[in-house]
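The values are calculated or read from the model by the stated rules, or taken from the named source; none is laboratory data. Since the model is a prediction, treat every value here as computed from it, not as a measurement. Quick reminder, even Gly has a Cβ in these numbers, built from the backbone with ideal geometry, and neighbours come from all protein chains shown. Surface areas here come from the heavy atoms of the whole protein model, side chains and all, with no ligands, DNA or RNA. Shrake-Rupley method; radii C 1.70, N 1.55, O 1.52, S 1.80 Å.
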Amino acid sequence: MNERVRALRREFDASFAAPPRSVGEASESFLAIRVAGDPYAIPLGDIAALAARPATAPLPSRRPECLGLVGRGGALAALYSLPALLGAAAGTSTPRWMALLRAGTGLALGFEDYEGYARFTLSELSPLGEGAKRRHVSRAARHGGTSRLIIDIASIVNDLTA
(Lines give C-alpha, C1' and ligand atoms only; values in the text may rest on other atoms or scores of the structure.)
Protein backbone atom coordinates (compact mmCIF):
# COMPACT_ATOMS: atom_id res chain seq x y z
CA MET A 1 0.00 0.00 0.00
CA ASN A 2 2.85 2.40 0.80
CA GLU A 3 4.30 1.92 -2.68
CA ARG A 4 0.88 2.75 -4.19
CA VAL A 5 0.70 5.96 -2.13
CA ARG A 6 4.24 6.93 -3.20
CA ALA A 7 3.36 6.27 -6.86
CA LEU A 8 0.23 8.42 -6.63
CA ARG A 9 2.23 11.19 -4.96
CA ARG A 10 4.88 11.07 -7.74
CA GLU A 11 2.17 11.18 -10.42
CA PHE A 12 0.49 14.13 -8.70
CA ASP A 13 3.77 16.04 -8.37
CA ALA A 14 4.73 15.26 -11.99
CA SER A 15 1.42 16.70 -13.22
CA PHE A 16 2.66 20.18 -12.26
CA ALA A 17 5.77 19.76 -14.42
CA ALA A 18 3.74 18.78 -17.51
CA PRO A 19 2.88 21.52 -19.99
CA PRO A 20 -0.67 22.81 -19.56
CA ARG A 21 -3.34 21.47 -21.86
CA SER A 22 -5.11 23.93 -24.06
CA VAL A 23 -8.41 25.00 -22.53
CA GLY A 24 -10.63 24.20 -25.49
CA GLU A 25 -9.07 20.85 -26.44
CA ALA A 26 -11.61 18.02 -26.61
CA SER A 27 -11.03 15.04 -24.33
CA GLU A 28 -12.46 11.69 -23.24
CA SER A 29 -12.79 10.24 -19.74
CA PHE A 30 -11.55 6.78 -18.80
CA LEU A 31 -11.20 4.35 -15.94
CA ALA A 32 -7.47 3.60 -15.53
CA ILE A 33 -6.82 -0.05 -14.68
CA ARG A 34 -4.14 -2.72 -14.96
CA VAL A 35 -4.64 -6.11 -16.55
CA ALA A 36 -1.91 -8.69 -15.98
CA GLY A 37 0.31 -5.81 -14.86
CA ASP A 38 -0.16 -3.76 -18.06
CA PRO A 39 -1.84 -0.32 -18.10
CA TYR A 40 -5.26 -0.22 -19.78
CA ALA A 41 -8.19 2.18 -19.84
CA ILE A 42 -11.94 1.67 -20.21
CA PRO A 43 -14.06 4.53 -21.62
CA LEU A 44 -16.24 5.85 -18.79
CA GLY A 45 -19.19 6.19 -21.17
CA ASP A 46 -19.30 2.39 -21.40
CA ILE A 47 -19.49 1.84 -17.62
CA ALA A 48 -22.65 1.98 -15.52
CA ALA A 49 -20.99 1.24 -12.15
CA LEU A 50 -17.73 0.26 -10.49
CA ALA A 51 -17.71 -2.05 -7.47
CA ALA A 52 -15.04 -3.53 -5.23
CA ARG A 53 -14.99 -7.22 -4.35
CA PRO A 54 -18.15 -8.32 -6.13
CA ALA A 55 -19.97 -11.31 -4.66
CA THR A 56 -20.66 -13.92 -7.32
CA ALA A 57 -23.11 -16.76 -7.68
CA PRO A 58 -22.42 -19.73 -9.95
CA LEU A 59 -23.53 -19.34 -13.56
CA PRO A 60 -23.20 -22.31 -15.89
CA SER A 61 -21.43 -21.27 -19.08
CA ARG A 62 -19.45 -22.82 -21.91
CA ARG A 63 -17.16 -19.79 -21.86
CA PRO A 64 -14.14 -20.23 -19.57
CA GLU A 65 -14.00 -16.44 -19.09
CA CYS A 66 -17.35 -16.48 -17.23
CA LEU A 67 -16.83 -16.10 -13.48
CA GLY A 68 -20.46 -16.14 -12.37
CA LEU A 69 -23.47 -13.93 -11.79
CA VAL A 70 -23.30 -10.61 -9.91
CA GLY A 71 -25.94 -8.18 -8.70
CA ARG A 72 -25.67 -4.41 -8.50
CA GLY A 73 -28.45 -1.89 -7.92
CA GLY A 74 -31.17 -4.48 -8.44
CA ALA A 75 -29.75 -5.64 -11.78
CA LEU A 76 -28.08 -8.97 -12.53
CA ALA A 77 -25.09 -9.33 -14.83
CA ALA A 78 -22.80 -12.09 -16.02
CA LEU A 79 -19.28 -11.41 -14.73
CA TYR A 80 -16.41 -12.14 -17.13
CA SER A 81 -12.68 -12.13 -16.49
CA LEU A 82 -11.26 -9.15 -18.38
CA PRO A 83 -7.71 -10.61 -18.38
CA ALA A 84 -9.03 -13.81 -19.98
CA LEU A 85 -11.04 -11.87 -22.58
CA LEU A 86 -7.90 -9.92 -23.49
CA GLY A 87 -5.87 -13.12 -23.85
CA ALA A 88 -3.91 -12.92 -20.58
CA ALA A 89 -3.80 -15.83 -18.16
CA ALA A 90 -6.36 -15.36 -15.42
CA GLY A 91 -7.48 -17.34 -12.44
CA THR A 92 -11.05 -18.39 -11.78
CA SER A 93 -11.28 -16.57 -8.46
CA THR A 94 -13.46 -13.51 -8.00
CA PRO A 95 -11.54 -10.41 -9.11
CA ARG A 96 -10.87 -7.46 -6.83
CA TRP A 97 -12.89 -5.03 -9.02
CA MET A 98 -15.91 -5.16 -11.30
CA ALA A 99 -17.06 -2.71 -13.97
CA LEU A 100 -20.75 -3.14 -14.72
CA LEU A 101 -21.32 -2.24 -18.36
CA ARG A 102 -24.05 0.14 -19.47
CA ALA A 103 -27.65 -0.78 -18.82
CA GLY A 104 -29.12 -3.34 -21.13
CA THR A 105 -25.98 -5.38 -21.72
CA GLY A 106 -26.27 -7.58 -18.61
CA LEU A 107 -22.47 -7.85 -18.59
CA ALA A 108 -19.75 -7.01 -16.08
CA LEU A 109 -15.96 -7.19 -16.41
CA GLY A 110 -13.75 -8.29 -13.52
CA PHE A 111 -10.15 -7.13 -13.09
CA GLU A 112 -7.55 -6.90 -10.32
CA ASP A 113 -6.09 -3.38 -10.26
CA TYR A 114 -7.98 -0.09 -10.35
CA GLU A 115 -5.76 2.99 -10.66
CA GLY A 116 -8.31 5.79 -10.90
CA TYR A 117 -9.80 8.28 -13.29
CA ALA A 118 -7.97 9.43 -16.41
CA ARG A 119 -8.82 12.14 -18.93
CA PHE A 120 -7.04 12.08 -22.28
CA THR A 121 -7.18 14.77 -24.93
CA LEU A 122 -7.96 13.62 -28.44
CA SER A 123 -4.36 14.38 -29.42
CA GLU A 124 -3.19 11.85 -26.79
CA LEU A 125 -5.35 9.09 -28.32
CA SER A 126 -4.22 7.20 -31.39
CA PRO A 127 -5.28 4.07 -33.28
CA LEU A 128 -3.03 1.03 -33.04
CA GLY A 129 -1.22 0.00 -36.18
CA GLU A 130 -2.08 -3.33 -37.79
CA GLY A 131 1.04 -4.97 -36.33
CA ALA A 132 0.26 -3.75 -32.80
CA LYS A 133 -3.44 -4.63 -32.60
CA ARG A 134 -4.60 -6.88 -29.80
CA ARG A 135 -7.85 -8.63 -29.09
CA HIS A 136 -10.53 -6.10 -28.00
CA VAL A 137 -8.07 -3.18 -28.24
CA SER A 138 -7.84 -0.77 -31.16
CA ARG A 139 -6.53 2.48 -29.62
CA ALA A 140 -3.92 3.67 -27.17
CA ALA A 141 -3.40 6.80 -25.08
CA ARG A 142 -0.06 8.35 -24.27
CA HIS A 143 0.00 10.74 -21.30
CA GLY A 144 2.68 11.69 -18.84
CA GLY A 145 5.17 9.14 -20.17
CA THR A 146 2.72 6.25 -19.82
CA SER A 147 0.96 4.44 -22.64
CA ARG A 148 -2.41 2.82 -21.95
CA LEU A 149 -4.26 0.46 -24.24
CA ILE A 150 -7.91 1.46 -24.63
CA ILE A 151 -10.33 -1.45 -24.25
CA ASP A 152 -12.95 -1.63 -26.98
CA ILE A 153 -16.10 -2.45 -25.01
CA ALA A 154 -18.24 -2.75 -28.16
CA SER A 155 -15.89 -5.50 -29.39
CA ILE A 156 -16.21 -7.36 -26.08
CA VAL A 157 -20.00 -7.06 -26.03
CA ASN A 158 -20.20 -8.29 -29.64
CA ASP A 159 -17.95 -11.23 -28.81
CA LEU A 160 -19.93 -12.23 -25.72
CA THR A 161 -23.36 -11.84 -27.27
CA ALA A 162 -22.57 -13.50 -30.62
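Quick notes on this structure:
- Hits in the stretch 63-88 - residues which are exposed (fewer than 14 other Cβ atoms within 10 Å of the Cβ) and more than 20 Å from His136 (Cα to Cα): Gly73, Gly74, Leu76
- Counting the residues of the stretch 33-56 that are of a type outside the set (Phe, Trp, Tyr) and either crowded, with 19+ Cβ neighbours inside 10 Å or not in a strand (DSSP E or B) (or both) gives 13.
- Any hit, the stretch 19-41, residues being at pLDDT 95 or above and of a type in the set (S, T, N, Q): yes
- Within the stretch 73-113, the set of residues being within 19 Å of Ser29 (Cα to Cα) and part of a loop (DSSP other than H, G, I, E, B) comprises Arg102, Ala103.
- Flag if Asp13 is open to solvent by 40 Å² or more (accessible area, probe 1.4 Å) and at pLDDT below 75: yes
- Enumeration of residues in the stretch 114-136 that are part of a loop (DSSP other than H, G, I, E, B), out of contact with any helix residue (DSSP H, G or I) (no Cβ under 6 Å at 6 or more places or on another chain) and open to solvent by less than 90 Å² (accessible area, probe 1.4 Å): Leu128, Gly129, Gly131, Ala132
- Qualifying residue in the stretch 141-162 (condition: of a type in the set (Asp, Glu), in contact (Cβ under 8 Å) with a residue 60 or more places away in the chain and surrounded by fewer than 18 Cβ atoms within 10 Å (Cβ to Cβ)): yes
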